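The structure appears below as structure tokens.
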Amino acid sequence: MLALQEIRRKKLQFGLITLIVGLVVYLLVMIGALGTGLMSAMSGAIDSFNADLVVFSADSNNSFLRSELTSDQQSAVSGVVGSERTGAVGYMVATAQRAAGSEEVALFAFQPGSIAEPAVRSGRPIEGQDEILIDKSLSRSSGLRLGDVVVMRSALKDYEFTVVGEVEGGQFLGLPAAWVGIDQWREMRYPGQGKDAPAASVLLIRDGGSDTRGRVEEVVGNTSVVTKSAAINSIGGVKQQQQVVMTIELFGFVIGALVVGSFFFVLTMQRSYEIAIFKAMGASNWWVFGQLIRQVILVALAGVVLGIPLALLTALAIPSDVPLKVTAGAFLVGGLGITIAALLGAVFSARQVVRVNPVSALGQM
Amino acid sequence: MSEDDYGLIAQSLAKVYESGETSVKAVRDASLTVRPGEFVAVVGPSGSGKTTLLAMLGGLLTPTSGRVIVGGTDIGQLNEAQRARFRRERVGFVFQGFNLVPYLTAEQNLLAISAISGRLNTEARRRAHQLLQELGVGERSRHLPGSLSGGERQRVAIGRALMNDPLLVLVDEPTSNLDSEQGNAVVRNLAEEVKARNKIGIMVTHDRRMLAYVDRVMEIADGRLFSPV
């Protein structure tokens, strides 16, 4: 009752602090969304792999571009985990030629029917050598539609593909992704090498067993086997990017805690006489602090309620080429984080509450 | 005879404030007995120790020596939490300037007492309503202190002091900032309530004009409490 009444009678003060908390929540959600968006632009294609482990060649430093695996290595991996649990993936950068201009594309390749085959959202899976699946981001940037013909240029040679399906969530190193059959990729990537060409860039393994990694590395020579998330983290810049985003988020929380903390600190100082009266009338420190905590939680929740629609509206208004991905996680982190930060900030006022001497409620001592 | 009927007994109360080398004897050897239904005024100039005395009687300050027994409870034996509970359940305060919480309505100022004890229920609402009615401010119960007249604020403050049905009602300088007509009215009001509700009433004041309605007057000077001759 008291906590709420005070807010009702001090609308301006509490309105302002709620606005500030709301803006901090807004900022945190946007930073989180930007982090997720950047992450997705850098590694979304890898993240969408239906795999637990990724096998690179040992000397590749876990780079998708440099890794090359032979068909012997591929068979050896199949021997260890079973061919239905592994799939070859090829990777290269190609240029998509369109009447409107050309565009760099992260071109992935897979063996149809293997675990490396991406899930098609619209259209159909590829059936022939000259068919291609494109990521949503590519159809957005290039205007490609199902049934369109796209020319992929590699090593000065052009290859024609028909778009048959669209997949979702796939970008790599900021490039929109496309998927073709692995035999076609071998020809494009290693022209004229025929049977001597590497069989794949990497191999995916779908196997949660804890010892799979060690077994594969032991049996299959010259390989480096890492988890999918480790493979993502070894992509140049991804780790640093996420650290930057997390640091900014941390600053946001600290600012939130400081703003809320100092607001309630000042409020507590201002009403120390009132607190003395309550304590003289028998209120415990806990009771007084409890009223304060209620106000803190109310302010934090009101801030969340204010900040989240703002973030949603901004996400709608922002052009689609900005890597921004507003997720429930971003809301959860922003909302829950600011509430916890606000409560931590309020702890500074606890000391203030304890220090108020109820005797000071009586005349001049 | 219940323990409450013993009233308030203060025996040889003393309070010494130490600060470095010097020590100030704010109250020395003060003894006082007040029965329920009796309204006693303690009169003295500022700095005479009357507020210190009031604070010790109400369990806000621990005496340096001596005892305070209220309704059979020796409050010197209580720890801090128990003293807070004693104040919640047994003491009603009328503060200087009445000091109502400005953002709470008259009724909510009374209900705050119940909220402190965690007893904010229908019974509390009924009691607050009834007290304000009896004090003649029932019509004003939904007003904030800022929109009440001085006289109305006093009556709300008295209602707040009576809200927890205390045994002991302590009044701190009720007439400061009031003209003598208003001052007389509030002291008369307090005296009536103490009598009608069989409370132990103790008022400290420096204002000698307000003593017509009290049962007994004690003087305090330099920390010594005595009956006027």
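Rule-based calculations on the coordinates, nothing more; no lab input. Treat the numbers as computed from the prediction; the structure is a model and nothing was measured. With ideal geometry, Cβ positions are generated from the backbone for all residues, glycine too; neighbour counts draw on all protein chains shown.
Which one, A:Phe108, A:Leu138, A:Val80, is farthest towards the positive end of the dipole of segment A:53-207 when Lys and Arg carry +1 and Asp and Glu -1 on their Cβ?
Most positive-ward Cα: A:Leu138.
Find how many whole Å separate the alpha carbon centroid of segment A:108-179 from the alpha carbon centroid of segment B:51-65.
Between the Cα centres of segment B:51-65 and segment A:108-179 lies a distance of 85 Å.
Stokes-Einstein diffusion coefficient for chain A at 10 °C in a medium of 1.306 mPa s, Rh from the Kirkwood formula over Cα pairs: what value in µm²/s?
Rounded to a whole number, D works out at 66 µm²/s.
Which peptide among A:174-185, A:127-138 comes first, and what is the full order, when sorted by highest mean count of other Cβ atoms within 10 Å?
Packing order, densest peptide first, comes out as A:174-185, A:127-138.
Along each of the three principal axes of the Cα atoms of segment B:70-181, give the extent in whole Å, ordering the values from largest to smallest.
Over segment B:70-181, Cα extents along the principal axes are 42, 36, 23 Å.
Gain in length, B:Asn177 to B:Arg142, computed as 0.36 nm per residue apart minus the alpha-carbon separation, to one decimal in nm?
Taking B:Asn177 through B:Arg142 to full extension adds about 10.1 nm, to one decimal.
Which log10 I(q)/I(0) values, to two decimals, does segment A:199-250 give at q = 0.29 Å⁻¹ under the Debye formula with one point per Cα?
Values, matching the q order: -1.17.
In 5 Å bins starting at 0, how do the alpha-carbon pair distances of chain B split up by percent?
Going out from 0 Å in 5 Å bins, chain B shows 1, 7, 15, 18, 20, 17, 12, 7, 3, 1, 0, 0 percent.
Rounded, prolate or oblate: pick one for segment B:145-229, where a ≥ b ≥ c are the square roots of the eigenvalues of its C-alpha gyration tensor, a/c under 1.5 means rounded, and failing that, prolate if a/b is larger than b/c, else oblate.
Taking the square roots of the gyration eigenvalues as a ≥ b ≥ c, segment B:145-229 is oblate.
Please report A:Lys195, A:Lys239, B:Lys15 as a ranked list, fewest other C-beta atoms within 10 angstrom at the top and most at the bottom.
A:Lys195, A:Lys239, B:Lys15
Report, to two decimal places, the Cα Rg of segment B:61-135 normalised by 2.2 N^0.38 Å (N = number of residues).
Compared with the compact-globule rule of thumb, segment B:61-135 sits at 1.32.
Indicate, rounded to the nearest 5 percent, the antiparallel portion of the DSSP beta bridges found entirely in the protein assembly as shown.
Around 65 percent antiparallel, to the nearest 5.
Pop a pseudo-label 7 angstrom from the Cα along the beta-carbon direction at both B:Asp29 and A:Thr314 and give the gap in nm to one decimal.
Between B:Asp29 and A:Thr314, the label points sit 7.5 nm apart.
Taking neighbour Cβ counts within 10 Å as the exposure measure, how do A:Phe56, A:Phe253 sort from fewest upward?
Lowest to highest Cβ neighbour count: A:Phe253, A:Phe56.
Treat each spin label as a single point 7 Å out from the Cα along the C-beta direction, and report the A:Ser210 to A:Leu258 distance in nm.
Placing both labels 7 Å along Cα→Cβ, they lie 4.4 nm apart.
Thinking of segment A:53-207 as a set of Cα atoms, what percent of all their pairs are more than 24 Å apart?
I get 29 percent for the Cα pairs in segment A:53-207 exceeding 24 Å.
Calculate the dipole size of segment A:96-218 relative to its Cα centre from +1 charges on Lys and Arg beta carbons and -1 charges on Asp and Glu beta carbons; express the result in debye to the nearest 20.
It comes to approximately 200 debye.
Given +1 on the Cβ of Lys and Arg, -1 on the Cβ of Asp and Glu, and no further charges, what dipole in debye does chain A carry about its Cα centre, rounded to the nearest 20?
2300
Obtain the nm distance between the two label points defined at B:Arg85 and A:Arg124 by a simple spin-label model: each point lies 7 Å from its Cα along the Cα-to-C-beta direction.
8.0
List the aspartates and glutamates whose alpha-carbon lies under 15 Å from that of B:Lys50, not counting same-chain residues fewer than 8 positions away?
In chain and number order, the partners are B:Asp29, B:Asp172, B:Glu173, B:Asp207, B:Glu219, B:Asp222.
At each listed q (0.16, 0.24 Å⁻¹), what is the log10 of I(q)/I(0) that the Debye formula gives for segment A:121-223 modelled as equal alpha-carbon point scatterers?
For the requested q values the scattering log ratios are -0.84, -1.26.
For the charge dipole of the protein assembly as shown, defined by +1 on Lys and Arg C-beta atoms and -1 on Asp and Glu C-beta atoms about the Cα centroid, which residue among A:Trp287, B:Ile220, A:Leu69 has the Cα displaced farthest towards the positive pole?
Comparing the listed Cα positions along the dipole, B:Ile220 ranks first.
Mind sorting A:Phe265, B:Phe226, B:Phe86, A:Phe64 by how few other Cβ atoms lie within 10 Å of their own Cβ, fewest first?
B:Phe226, A:Phe265, B:Phe86, A:Phe64
Using the structure shown, list the pairs from B:Lys25/B:Lys199; A:Lys239/A:Lys325; A:Lys11/A:Lys325; A:Lys157/A:Lys228; A:Lys157/A:Lys195; A:Lys136/A:Lys228 with a Cα-Cα distance above 24 Å, or answer none.
Result: B:Lys25/B:Lys199; A:Lys11/A:Lys325; A:Lys157/A:Lys228 exceed 24 Å.
Looking at segment A:251-357, what % of the alpha carbon pairs are farther apart than 20 Å?
49
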